[in-house]
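Working notes, structure below.
The values are calculated or read from the model by the stated rules, or taken from the named source; none is laboratory data. From a predicted model like this one, the values you see are computed outputs, not experimental measurements. Please note: Cβ atoms are built from the backbone with ideal geometry, for glycine as well, and neighbour counts cover all protein chains shown. Heads up: the accessible areas ignore ligands, DNA and RNA and are worked out on the full protein's heavy atoms, side chains in. Shrake-Rupley method; radii C 1.70, N 1.55, O 1.52, S 1.80 Å.
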Amino acid sequence: MCGIIGIIGKEPVALRLLKGLKQLEYRGYDSSGIATIYNNTILRLRAEGKLSNLEKIVQATPPSGNTGIGHTRWATHGLPTETNAHPHATDKVAIVHNGIIENFQDLKKELQQQGVVFASQTDTEVILHLIDKQLRGGKSPEEAVADSLNRLEGAFALAIAFADYPSLLIAARKGSPLAIGYGNGEMYIGSDAIGLSPYTTKVAYLEDGDWVVLTTDSAKFFNARNEEVVRPIKTTTLTGAAVGKGEFRHFMHKEIYEQPTVIGETMGVFCNFSTGDIQLPSMPFDLRTIEKITLVACGTSYYAALVARYWFESITRLPVHIDIASEYRYRDVVVAPNSLAIFISQSGETADTLAAMRVSKAAGQHCIAIVNSPESTMAHEADAVIHTRAGIEVGVASTKAFTTQLVTLACFVLALASIREKITAEERIRLLHALSEVPSRMVEVLHNEEHIAQIAPLLSEAHDVLYMGRGTSYAIALEGALKLKEISYIHAEGYAAGELKHGPIALIDEHVPVIVIAPSDSLLFEKTASNVQEVATRGGKIILITDAKGIAAMGEITTAVIEMPAIHPFVAPLLYALPIQLLAYHVAILKGTDVDQPRNLAKSVTVE
């Protein structure tokens, strides 16, 4: 995840911005930069690669200025070059940005037609020029930002500095977290409390849709309707794991809310939404020669693989075998010629998955590791590694690591299908467009959290809960059941909806909630609707997760409904992961369990 820092200080801030960025290094990045305001001029320094590269430049010629912004960037739109690194700036305004702007292409064309020349490949630059044009038209910074925010679609966190206003910063949030720090005659902006921890323990958090105007000793908050609001100041502790939770009670909750940001940043690494191209890391073998794929993983990563099997088979037209790592490693695996094995692990240290990969390599298979830790053992031993960009995930029950695995696999599938000429350019662009919509649709789902929390009591007293779905929704049903088991300790099982009548239906009565994951996207929906009717006939409490069309078809027989945005079926698993995470979370809250560290579980299983 990208990291943001901003300071209005009483002394030069360049080195202090660097210190804040170091606090945010855990989020991951591939370039960095700072900008300060001095004598009505924006002084900007940027560098590719590690923060140490920027540090050398800054220490050699520290820019003056008591106000500034800084950024660590994971490349999304545009390569990880100095040109694409943040901050982006004109002579009037500088900006740093986390997230993704969905409608940047339309905005960019509009601005280019007005004579604006773009210097980078980023979506961020459209925000810069929108604000710049408003300022040149005579509007105040506050007016320019408010008007520009209304033009943006997507998920973002912003920090903005102005050449002619040396004691002013403006920040904004939609979908991406952002914190404001209060000092003694100083004010701060940070992606989270960790970035602000060297400077203050007093922090306020922007709510979704908020923007805030900072001066030397004040913060004036506005909501999405531009109404002035008050956001409480909280005291954080500077030691222990509590730092970094922000306004959230648990890390899991925080990490659920980080998903729009990390999804946008992860797919941005692979996808050029301007051209419709997808770029994979270099592979030491020719993907065009692959004749079979094996997917191997454990736990939640296995369910990501299960979703991907549907994608690989339907889009690349390759045969796919999927296995649990602990089973794969102990079978006498027959390795087909020209086969590819993909091993999925958040930590890259999962013992069974690592051992399975070693078995596969010894048998002569090409091996790719999909991991969230690029320095892990699996990453070093695989033939090729694809890094998901989830950032640090503290909660034991995986949330954002799961969805970044999904989006990474989705991008890999589209790239492989293109290489194998199994998909047209038009269809690839159509599916990429569907992917680009996911972050903002996720924000819509998160806005529905209060309703989801109200459904949680239907599950909290149950002894057994069933989840069901078809196609990729079957994998999400399995993941939903796992989440509920992990953090609430309620027995739950996920089933393929068509299997219900082959045994599990015997479990159903008025005491057994049945959670149905059913986007209304194909013939599968009609089949699932038939299974739901069978549950209703037997008195089961049905919690239906679907879109408006699905509700119209099945809403009358349900106990509760979670309405989802309409979305392309290709990306439905990404979106439908969120309500099952939130539902499990709120059930666990009602049960009073340890959400972040559930009993008997570890974040990374490094032993058999």
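Scan region 328-340 and give yes if some residue there is in contact (Cβ under 8 Å) with a residue 40 or more places away in the chain, within 26 Å of Ser473 (Cα to Cα) and not small (Gly, Ala, Ser), otherwise no. Yes. Please tell me if His511 is open to solvent by 10 Å² or more (accessible area, probe 1.4 Å), more than 16 Å from Ala477 (Cα to Cα) and in a loop (DSSP other than H, G, I, E, B). In short, yes. In region 96-119, what residues are open to solvent by 10 Å² or more (accessible area, probe 1.4 Å) and either under 23 Å from Ser191 (Cα atoms) or aliphatic (A, V, I, L, M) (or both)? Matches in region 96-119: Glu102, Val116, Val117, Ala119.
For region 231-253, indicate whether the set of residues that are assigned to a loop (DSSP other than H, G, I, E, B), among the aromatic types (Phe, Trp, Tyr) and free of Cβ contacts under 8 Å to residues at least 60 places away in the same chain is non-empty. Yes, because at least one residue in region 231-253 is assigned to a loop (DSSP other than H, G, I, E, B), among the aromatic types (Phe, Trp, Tyr) and free of Cβ contacts under 8 Å to residues at least 60 places away in the same chain. What are the residue pairs meeting all of these: first residue in region 69-83, first residue open to solvent by less than 30 Å² (accessible area, probe 1.4 Å), second residue part of a loop (DSSP other than H, G, I, E, B) and among the β-branched types (Val, Ile, Thr), Cβ atoms under 6 Å, and 6 or more apart or on different chains? Hits for this filter: His77/Thr122; Gly78/Thr122. Residues in region 422-477 that are under 28 Å from Thr558 (Cα atoms), charged (D, E, K, R) and out of contact with any His (no Cβ under 6 Å at 6 or more places or on another chain): 6 in all.
In this structure, does Ile8 turn out to be in contact with a helix residue (DSSP H, G or I) (Cβ under 6 Å, 6 or more places away or on another chain) and open to solvent by less than 10 Å² (accessible area, probe 1.4 Å)? For Ile8, the condition - in contact with a helix residue (DSSP H, G or I) (Cβ under 6 Å, 6 or more places away or on another chain) and open to solvent by less than 10 Å² (accessible area, probe 1.4 Å) - is not met. Inspect all residues belonging to region 294-305 and state whether any of them is open to solvent by 20 Å² or more (accessible area, probe 1.4 Å) and under 15 Å from Lys422 (Cβ atoms). No. Pairs are defined by a Cβ separation below 8 Å, a sequence spacing of at least 6 or placement on different chains, a first member in region 380-393 that is in a loop (DSSP other than H, G, I, E, B), and a second member that is among the hydroxyl-bearing types (Ser, Thr, Tyr) and open to solvent by 10 Å² or more (accessible area, probe 1.4 Å); the pairs so defined are Gly391/Tyr26; Ile392/Tyr26.
Starting from residues that are assigned to a loop (DSSP other than H, G, I, E, B) and among the small types (Gly, Ala, Ser), keep the ones in region 188-203 and report whichever is least open to solvent (accessible area, probe 1.4 Å). Ranking the qualifying residues of region 188-203, first place goes to Ser191.
Among the residues making up region 226-240, those that are open to solvent by less than 70 Å² (accessible area, probe 1.4 Å) and either aliphatic (A, V, I, L, M) or at pLDDT below 60 (or both) are Val229, Gly240. Within region 55-77, the set of residues being of a type in the set (A, V, I, L, M, F, W, C) and not in a strand (DSSP E or B) comprises Ile57, Val58, Ala60, Trp74, Ala75.
For beta carbons closer than 8 Å, sequence separation of 6+ or different chains, a first residue in region 533-550 that is farther than 17 Å from Leu458 by Cβ and a second that is open to solvent by 60 Å² or more (accessible area, probe 1.4 Å) and outside any helix (DSSP H, G or I), the qualifying pairs are Asp547/Glu563; Asp547/Ala566; Ala548/Glu563; Ala548/Ala566; Lys549/Ala566. When Tyr38, Tyr29 are checked against the criterion of being aromatic (Phe, Trp, Tyr) and farther than 17 Å from Ala157 by Cα, a single residue qualifies: Tyr38.
Just one of (1) outside any loop (DSSP other than H, G, I, E, B); (2) in contact with a Phe, Trp or Tyr (Cβ under 9 Å, 6 or more places away or on another chain) fails for Pro80. It is (1). Here Glu526 fulfils each of the conditions (1) modelled with pLDDT of 80 or more; (2) open to solvent by 70 Å² or more (accessible area, probe 1.4 Å) apart from (1).
Entry remark, region 21-54: residues being part of a strand (DSSP E or B) and basic (Lys, Arg) number 2 in total. For region 342-365, a residue qualifies if it is part of a loop (DSSP other than H, G, I, E, B) and open to solvent by 10 Å² or more (accessible area, probe 1.4 Å), and the qualifying residues are Gln346, Ser347, Glu349, Thr350, Ala363, Gly364, Gln365.
The number of residues in region 313-339 being in contact with a Ser or Thr (Cβ under 7 Å, 6 or more places away or on another chain), within 30 Å of Ala425 (Cα to Cα) and open to solvent by less than 40 Å² (accessible area, probe 1.4 Å) comes to 1. Taking the options Glu493, Glu499, name whichever one is open to solvent by 30 Å² or more (accessible area, probe 1.4 Å), within 30 Å of Pro598 (Cβ to Cβ) and assigned to a strand (DSSP E or B). Within the list Glu493, Glu499, the selection yields Glu493. Across region 267-293, which residue is farthest from Asn103 (Cα to Cα) among those that are open to solvent by 10 Å² or more (accessible area, probe 1.4 Å) and of a type in the set (Val, Ile, Thr)? Within region 267-293, the match that is farthest from Asn103 (Cα to Cα) is Thr289. Report, by residue number, each residue of region 552-600 that is open to solvent by 20 Å² or more (accessible area, probe 1.4 Å), part of a helix (DSSP H, G or I) and closer than 20 Å to Ala410 by Cα. The answer is Pro569, and nothing else. Of all residues in region 213-225, those satisfying the criterion of being open to solvent by less than 90 Å² (accessible area, probe 1.4 Å) and closer than 13 Å to Ile170 by Cβ are Val213, Leu214, Thr215, Ser218, Ala219, Phe221, Phe222.
Regarding region 299-315, can at least one residue be identified that is farther than 30 Å from Leu484 by Cα and not in a helix (DSSP H, G or I)? For region 299-315, residues farther than 30 Å from Leu484 by Cα and not in a helix (DSSP H, G or I): absent. The number of residues in region 434-485 being touching a residue at least 40 places away in the same chain (Cβ under 8 Å) and assigned to a loop (DSSP other than H, G, I, E, B) comes to 7.
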